[in-house]
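Okay, so here's the structure we're looking at.
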Amino acid sequence: MSALEELATLVENGKRKLVPAAAQACVDEGIDPTTILNTMIGAMDVVGDKFKRNEIFVPEMLIAAKAMKAGVEVIKPLLATAGAPQLGTVIIGTVYGDLHDIGKNLVAMMIESAGFTVVDLGVDVPVQKFLDAYEENEDVKIFAVSALLTTTMPAMEETVAALNAAPFRDKVKIMVGGAPITQEFADKIGADCFTADAASAAAAAKQLVA
């Protein structure tokens, strides 16, 4: 098995303690850091597909995402010097009045695994904080807005309305998700994209910036 194949297998299986050494082994072999990154992204694509087929569940997907993150830490300094392509910045947060973060955190990890820079605003995020995040960060491509309660769906509607009215609207896409959210609701409030789970969110984010 090649160093890259071993790294991919370890990421897929969520072997967080072993991934950094495997990533370093790829570096030591002189493999381009962008190739190493893309190998790990490919492994997370496999994980996402397994999740969609109900072969694995949220805990396994979280573990794999954490394993990849450990590998990325090894190659991050090299990626900067190699000028590895970044897909852009995603601003993510749970709307005001809602303190749920497990789903949001998983989406953030999967989107980061797909090659984006993720800025996580946390939970109970006021509308203005989403708007300010555009000015405070570079190359913002997507806003990912989460709500986990039916009672905070109006807060999501308000947040999306504010983003739709913002002067930068034509430069960004708006993704929404969370347990009570549907495609119909996403269409009604003017979001660009709805996804039902974290694996779909990562794939959708890539399509939105393609």
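Here segment 3-24 is the region considered, the condition is being in a loop (DSSP other than H, G, I, E, B) and either β-branched (Val, Ile, Thr) or more than 21 Å from the chain's Cα centre (by Cα) (or both), and the residue that is surrounded by the most Cβ atoms within 10 Å (Cβ to Cβ) is Leu18.
Candidates in segment 137-166 are the residues that are within 19 Å of the chain's Cα centre (by Cα) and over 17 Å from Thr94 (Cβ atoms); of these, the one that is surrounded by the fewest Cβ atoms within 10 Å (Cβ to Cβ) is Glu138.
Looking at segment 107-210, the helices (runs of 4 or more DSSP H) lying wholly inside it that each contain 3 or more residues that are aliphatic (A, V, I, L, M) and farther than 30 Å from Ile75 by Cα sit at 153-165.
Got a sec? Which of Asp49, Asp32, Asp28, Asp101 is in contact (Cβ under 8 Å) with a residue 60 or more places away in the chain and of a type in the set (Asp, Glu)? Walk me through how you get there before you give the answer.
Values: Asp32 fails: in contact (Cβ under 8 Å) with a residue 60 or more places away in the chain; Asp28 fails: in contact (Cβ under 8 Å) with a residue 60 or more places away in the chain; Asp101 fails: in contact (Cβ under 8 Å) with a residue 60 or more places away in the chain.
Only one candidate qualifies: Asp49.
Residues that are more than 17 Å from the chain's Cα centre (by Cα) and among the acidic types (Asp, Glu) were ranked within segment 167-199; the one that is surrounded by the fewest Cβ atoms within 10 Å (Cβ to Cβ) is Asp170.
Listed here are the residues, each with its yes/no results for (1) touching a Lys or Arg at 6+ places or on another chain (Cβ under 9 Å); (2) surrounded by fewer than 16 Cβ atoms within 10 Å (Cβ to Cβ); (3) modelled with pLDDT under 90.
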site	(1), (2), (3)
Met40	no, no, no
Gly48	no, no, yes
Lys52	no, yes, yes
Met61	yes, no, yes
Leu79	no, no, yes
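In segment 25-38, the qualifying residues are those that are of a type in the set (A, V, I, L, M) and in a helix (DSSP H, G or I), and the one that is modelled with the lowest pLDDT is Leu37.
The values are calculated or read from the model by the stated rules, or taken from the named source; none is laboratory data. No experiment lies behind these values; they were computed from the predicted model shown. Virtual Cβ from ideal backbone geometry, glycine too; neighbours counted across all protein chains shown.
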